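Asks: Structure incoming, see below.
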Protein chains: 2
Amino acid sequence: MRADARRNRERVFQVAREMFSEDPHSAGMDEIARRAGVGIGTLYRNFPSRIDLIEAIYREDLAALATLADRLIETRNPWDALAEWLLGFARFTESKRAILGELGQAFEANPDLAAQARHQIDSAALKVLTRAHAAGAVRPDVTAPDLIQLVGGFVLFIAADPERTDHLLGVVLDGLRT
Amino acid sequence: MRADARRNRERVFQVAREMFSEDPHSAGMDEIARRAGVGIGTLYRNFPSRIDLIEAIYREDLAALATLADRLIETRNPWDALAEWLLGFARFTESKRAILGELGQAFEANPDLAAQARHQIDSAALKVLTRAHAAGAVRPDVTAPDLIQLVGGFVLFIAADPERTDHLLGVVLDGLRT
């Protein structure tokens with residue numbers, strides 16, 4: 001990809017991420033192109049539909065979650081790596097909250113995507129968890145799917161209050177600690 | 001209500017609760033009447049549609065959650081009352097998991113129902129929580145909506161494993177404890 005094409009793509013992703021989090025209904029392709037300073041023709045050439053754009057961002061965010069696990073394992077102690085990765089997972093999940101319906105459409109159109117997502121998230125969770133288990137920092141009876149269910153659950157709950165995310169993650173982390 | 005009418009109603013509710021939890025798609029009105037040993041005419045006279053039956057059971061279960069809080073406050077220490085009420089709330093939420101779509105229809109047809117439900121659940125949670133706070137048994141920074149979001153969240157999570165409910169509630173309870 002040429003440097004200017006890459007910069008355009010990054011700008012589009014950044015604008016779309018913000019709009020999907022704040023007010024997804026206003027985030028039409030025209031408005032995304034306008035705010036990103038990219039021609040609408042260019043945008044549609046790369047992403048024929050809004051679902052394609054959502055899927056491309058989702059794949060990039062999934063890859064970032066996996067990278068985050070690797071980076072934390074290299075730079076943090078086992079407990080902090082687990083705690084910070086779970087915060088990253090909570091932020092990732094929050095950013096999808098308002099576009100769950102469209103993500104569901106992407107999963108239907110592309111059945112591998114849901115399985116891949118599940119696999120990437122579970123693998124990253126398992127990496128930080130296995131290290132924390134080995135260090136005796138986390139309850140031995142907790143599994144990677146447990147972590148996903150606990151944190152994903154309260155973030156996606158119908159009556160979730162986004163202001164309480166860090167607080168509720170703190171409660172869950174206290175419950176996970178040995 | 002006459003004694004035999006009350007017995008019929010109880011049998012219908014019991015059968016419907018089991019069927020809604022296990023396989024809601026098979027729980028047509030005919031099958032519910034048959035298994036409960038009640039005439040289909042009687043069933044339709046009391047509940048003109050499946051949604052009416054779902055709503056009636058939901059209201060009874062909500063009232064039971066409120067009664068449970070009062071009973072636990074009289075018979076258990078502050079921490080156990082909180083823990084047992086949250087288990088009751090988890091079971092209540094689980095029993096609605098397979099019929100969330102139809103409950104949503106009941107909420108749309110009857111907008112007060114959702115507000116009432118929210119109020120009854122929050123009030124019951126607040127009762128057990130206030131007593132546990134006063135006894136210093138639970139983190140002071142936890143609110144009733146926090147409890148609902150944490151427990152309701154993992155029970156209703158897309159990839160929730162019902163076999164893990166008691167285990168995950170144990171993790172959350174450890175996080176809530178002072």
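Asks: Working carefully through the options A:169, A:129, find the one that is within 19 Å of residue A:94 (Cβ to Cβ) and either more than 7 Å from chain B (Cβ to nearest Cβ) or open to solvent by 40 Å² or more (accessible area, probe 1.4 Å) (or both).
Replies: On the way: A:129 fails: within 19 Å of residue A:94 (Cβ to Cβ).
Just a single option satisfies the conditions, and that option is A:169.
Asks: In addition: Evaluate the range B:91-114: report whether one residue or more is away from every other protein chain (no Cβ under 13 Å), at pLDDT 95 or above and open to solvent by 40 Å² or more (accessible area, probe 1.4 Å).
Replies: There is at least one residue in the range B:91-114 that is away from every other protein chain (no Cβ under 13 Å), at pLDDT 95 or above and open to solvent by 40 Å² or more (accessible area, probe 1.4 Å).
Asks: Okay, moving on. What are the residues in the range B:149-158 that are open to solvent by 20 Å² or more (accessible area, probe 1.4 Å) and touching a residue at least 24 places away in the same chain (Cβ under 8 Å), if any?
Replies: Listed by number, the list holds a single entry, B:156.
Asks: Please find, among B:27, B:63, the residue that is among the small types (Gly, Ala, Ser) and either at pLDDT 95 or above or surrounded by fewer than 20 Cβ atoms within 10 Å (Cβ to Cβ) (or both).
Replies: Working: B:27 fails: either at pLDDT 95 or above or surrounded by fewer than 20 Cβ atoms within 10 Å (Cβ to Cβ) (or both).
The conditions single out B:63.
Asks: Among the listed residues B:43, B:62, B:53, B:113, which satisfies the condition of being free of Cβ contacts under 8 Å to residues at least 60 places away in the same chain, closer than 30 Å to residue B:30 by Cβ and under 12 Å from the mean Cα position of the chain (by Cα)?
Replies: Going through B:43, B:62, B:53, B:113 in turn, the sole match is B:62.
Asks: Follow-up question, since we're still on this one. Identify, by number, the condition in (1) open to solvent by less than 40 Å² (accessible area, probe 1.4 Å); (2) part of a helix (DSSP H, G or I) that residue B:9 doesn't meet.
Replies: Every listed condition holds for residue B:9 apart from (1).
Asks: Can you tell which of A:174, A:70, A:161 is away from chain B (no Cβ under 11 Å), farther than 22 Å from residue B:162 by Cα and open to solvent by 50 Å² or more (accessible area, probe 1.4 Å)?
Replies: Values: A:174 fails: away from chain B (no Cβ under 11 Å); A:161 fails: away from chain B (no Cβ under 11 Å).
Result of the check over A:174, A:70, A:161: A:70.
Asks: Which residues, taken from the range A:132-148, are under 19 Å from residue B:175 (Cα atoms), part of a helix (DSSP H, G or I) and either touching a Ser or Thr at 6+ places or on another chain (Cβ under 7 Å) or open to solvent by 10 Å² or more (accessible area, probe 1.4 Å) (or both)? If you could, list the steps in order and put the result at the bottom.
Replies: Quick first cut of the range A:132-148, residues under 19 Å from residue B:175 (Cα atoms) only: A:132-133, A:136-148.
Filter again for part of a helix (DSSP H, G or I), leaving A:132-133, A:144-148.
Passing the criteria: A:133, A:145.
Asks: Take residue B:118 and tell me if it is closer than 26 Å to residue B:175 by Cα, part of a helix (DSSP H, G or I), within 14 Å of chain A (Cβ to nearest Cβ) and free of Cβ contacts under 8 Å to residues at least 40 places away in the same chain. Give the derivation first.
Replies: Details: closer than 26 Å to residue B:175 by Cα: yes; part of a helix (DSSP H, G or I): yes; within 14 Å of chain A (Cβ to nearest Cβ): yes; free of Cβ contacts under 8 Å to residues at least 40 places away in the same chain: yes.
It is true that residue B:118 is closer than 26 Å to residue B:175 by Cα, part of a helix (DSSP H, G or I), within 14 Å of chain A (Cβ to nearest Cβ) and free of Cβ contacts under 8 Å to residues at least 40 places away in the same chain.
The values are calculated or read from the model by the stated rules, or taken from the named source; none is laboratory data. As the structure is a prediction and not an experimental result, all values here were calculated from the model. Positions of Cβ are generated from backbone atoms using ideal geometry, with glycine treated the same way; all protein chains shown enter the neighbour counts. In case anyone asks, the SASA skips ligands and DNA or RNA and just uses the protein heavy atoms, side chains included. Shrake-Rupley method; radii C 1.70, N 1.55, O 1.52, S 1.80 Å.
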